[in-house]
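Q: Here it is: the structure, laid out below.
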Amino acid sequence: MEHLEFYILLLFVIIGSLVAVETKNLLSAVICIGAAGFGGSLMFLFLKAPDIAITQIVVEVLALVILIRVTISRDKTFISGDWELIGVIFSVGFLLIIFLAGTKVFDALPEFGSPSFIANNQGDTASQHYIQEGINETGAANIVTSVILDYRAYDTLGEATVLFTSILGAVVILRKQSRNRLETGP
Amino acid sequence: MKGMTIIVKTISSWVKMLVFLFGIYIILFGHITPGGGFAGGVILACSYVLIMLAFGRDYTEENLSLKLASKLDCTGALLFIAIALTGFLYGGFSFFYNFIQQEYFAGKDTAFKLVSAGTIPLSNIAIGLKVGASLFLVLLMLSAFRPGDSSEKES
């Protein structure tokens, strides 16, 4: 097997997602989603995409905090004394495995500043044009940023609009004033 | 919710500024190093999440109120559209035309410098403002409706 750690992470993500779907406890489902997300961000690092990995890990942290904060008061979970030691051993073991996988990832990443994105073959496709002319046409050293904010900025506008609309819906549905006004009458 | 213990409060009052500065760094250097507006905006929201978890909801709302956060959200979105429309008017009638790079930096070797890439850092700042404010709003909205809180207010 050439990329053994990649397949182990893939299996970890799949098991985490299945447990998150099947479990009855809401809090453990949220934690399983978080574990699957962190495995996904490590997989992005193995595929040499640090931009996506950073975004994935910070969104995962924030989503985990929000979801735990929302669910923790709905669903009381207590761990009995017998299981405490086993839980500690398992969590330390998982942290160790993820730490070892993280150190492997830094070997797989290209050296800082090395032009690994520049391909050798002289293609005529759009992606080849982005790779070869991106730094001259946009002046951005990070080629991912030059694509998402210059060549494909219209996609980014759509993405920002999706986020804006979803936040608008959340604020309108969950706002406090109308709820109080409905309860007390106009 | 009044917040956590004094240990958590002390540590988070030291760490919150570092997290905020790291978010600003990720946004401003988005066109040179990995990162960018989205990741940096989420880190900015994370610093406020830290304040909220440590000090409670009321303290956070004194710092950054709901109205100001929604104004910042709209400002980011409008700034991004304004950059797009300025490019549209400036040259060639093409949306998101990178007018600063094409008109002023063209031919000069400005890559790998902080002031480079034309409108890209400006778009990063707009997206960072937008994403940070809107994710802060999500946390504020979802943490407002816990079963304990509503029963306290009614009594």
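The values are calculated or read from the model by the stated rules, or taken from the named source; none is laboratory data. These numbers come from a predicted model, not from an experiment. Positions of Cβ are backbone-derived with ideal geometry, glycine not excepted, and every protein chain shown enters the neighbour counts.
Q: Out of curiosity, is B:A126 of a type in the set (A, V, I, L, M), closer than 25 Å to A:Y154 by Cβ and at the interface with chain A (Cβ under 7 Å from one of its Cβ atoms)?
A: So B:A126 does not fit the description; no.
Q: Looking at B:A77, is it touching a Phe, Trp or Tyr at 6+ places or on another chain (Cβ under 7 Å), assigned to a helix (DSSP H, G or I), at pLDDT 85 or above and farther than 20 Å from B:I11 by Cα?
A: Criteria met by B:A77.
Q: Could we say that B:T33 is of a type in the set (S, T, N, Q), within 11 Å of chain A (Cβ to nearest Cβ) and more than 17 Å from the chain's Cα centre (by Cα) here?
A: Taking the combined requirement at face value, the residue satisfies it.
Q: Moving on to the next point. Could you grab me the full set of residues in the range A:1-30 that are modelled with pLDDT of 85 or more and among the aliphatic types (A, V, I, L, M)?
A: Those that are modelled with pLDDT of 85 or more and among the aliphatic types (A, V, I, L, M): A:L10, A:L11, A:V13, A:I14, A:I15, A:L18, A:V19, A:A20, A:V21, A:A29, A:V30.
Q: Another question about this same structure. Scan B:K71, B:K108, B:K153 and give me the residue that is modelled with pLDDT of 75 or more, farther than 23 Å from A:T55 by Cα and surrounded by fewer than 15 Cβ atoms within 10 Å (Cβ to Cβ).
A: Among B:K71, B:K108, B:K153, only B:K71 is modelled with pLDDT of 75 or more, farther than 23 Å from A:T55 by Cα and surrounded by fewer than 15 Cβ atoms within 10 Å (Cβ to Cβ).
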